[in-house]
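In what follows, a single structure is set out as structure tokens and then discussed.
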Amino acid sequence: MKHIQQVDGLLGRLEALINEATRIPLTNKVMLEAGEAFELVEMIRQTLPEEMREAVEIVKEREHILARARMEGEAIVARAEEAVSRMVDETVIAAEAQHRAEALLDKSRTVAQEIHHRSIRYADEILQQIEARLGETLRQIHQHREELRK
């Protein structure tokens, strides 16, 4: 900041030197002391490079910060895209698992119903056989009782 003020002061002195110089009539030219003008120009040159180096450093630092921010932003976007991809994959996997679970549940219900119907038929067949045996046994009991009564 100090250098900027110095350059501004030197430029003000150069401007004053030009304004106070002797004017050449009927032209837009002036006559001034060359030594003093060159001295001011040299002083400005000595002061400006420091300011320019600082400005260049500031620009470099800005570009570095922007590049780093850009890289970090790209990394964040890449991680977000990866996360979205994983979430999509997980969603697809979950949907497939849900579909398979529903299919397995449907098949299990069908098998359970078939087993239930078969067990009812089997129980009915067993009861029918028992009924037939009991009927035969009752017939034999009646027959033996009849024989005993005779």
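The values are calculated or read from the model by the stated rules, or taken from the named source; none is laboratory data. Since the structure is predicted, the reported quantities are computational estimates derived from the model, not experimental observations. A quick note on method: Cβ atoms are made from the backbone with ideal geometry, for glycine too, and the neighbour counts reach across all protein chains shown. Keep in mind that these areas ignore ligands, DNA and RNA; they rest on the heavy atoms of the full protein, side chains included. Shrake-Rupley method; radii C 1.70, N 1.55, O 1.52, S 1.80 Å.
If you scan the stretch 5-25, which residues turn out to be open to solvent by 70 Å² or more (accessible area, probe 1.4 Å) and closer than 19 Å to residue 50 by Cβ?
Just the residues of the stretch 5-25 that are open to solvent by 70 Å² or more (accessible area, probe 1.4 Å), to begin with: 5-6, 8, 11, 13, 15, 18-20, 22-23, 25.
The answer is 5, 6, 8, 11, 13.
Residue check: is residue 136 in a helix (DSSP H, G or I) and either open to solvent by 90 Å² or more (accessible area, probe 1.4 Å) or within 30 Å of residue 6 (Cβ to Cβ) (or both)? Reasoning before the result, please.
Values: in a helix (DSSP H, G or I): yes; either open to solvent by 90 Å² or more (accessible area, probe 1.4 Å) or within 30 Å of residue 6 (Cβ to Cβ) (or both): no.
Here the answer is no, as residue 136 does not meet what is asked.
One line per residue, one yes/no per condition, for (1) closer than 16 Å to residue 18 by Cα; (2) of a type in the set (A, V, I, L, M, F, W, C); (3) at pLDDT 90 or above; (4) surrounded by 10 or more Cβ atoms within 10 Å (Cβ to Cβ):
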position	(1), (2), (3), (4)
28	yes, no, no, no
40	yes, yes, no, yes
44	yes, yes, no, yes
48	no, yes, no, yes
55	no, yes, no, yes
62	no, no, yes, yes
65	no, yes, yes, yes
72	no, no, yes, yes
78	no, yes, yes, yes
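Which of the residues that make up the stretch 19-55 are in contact with a helix residue (DSSP H, G or I) (Cβ under 8 Å, 6 or more places away or on another chain) and free of Cβ contacts under 8 Å to residues at least 40 places away in the same chain? Outline the logic, then answer.
First, the residues of the stretch 19-55 that are in contact with a helix residue (DSSP H, G or I) (Cβ under 8 Å, 6 or more places away or on another chain): 30, 32-33, 36-37, 40-41, 43-44, 47-48, 50-51, 54.
Matches in the stretch 19-55: 30, 32, 33, 36, 37, 40, 41, 43, 44.
Being of a type outside the set (A, V, I, L, M) and under 21 Å from residue 5 (Cβ atoms) is the filter here, so list the residues in the stretch 37-73 that pass it. Before the answer, list the steps.
Going through the stretch 37-73, the residues of a type outside the set (A, V, I, L, M) turn out to be 38-39, 42, 45-47, 49-51, 53-54, 57, 60-64, 68, 70, 72-73.
Those that are of a type outside the set (A, V, I, L, M) and under 21 Å from residue 5 (Cβ atoms): 39, 42, 45, 46, 47, 49, 50, 51, 53, 54, 57.
Quick check: anything in the stretch 103-121 at pLDDT below 90 and either open to solvent by 100 Å² or more (accessible area, probe 1.4 Å) or farther than 30 Å from residue 2 by Cα (or both)?
No.
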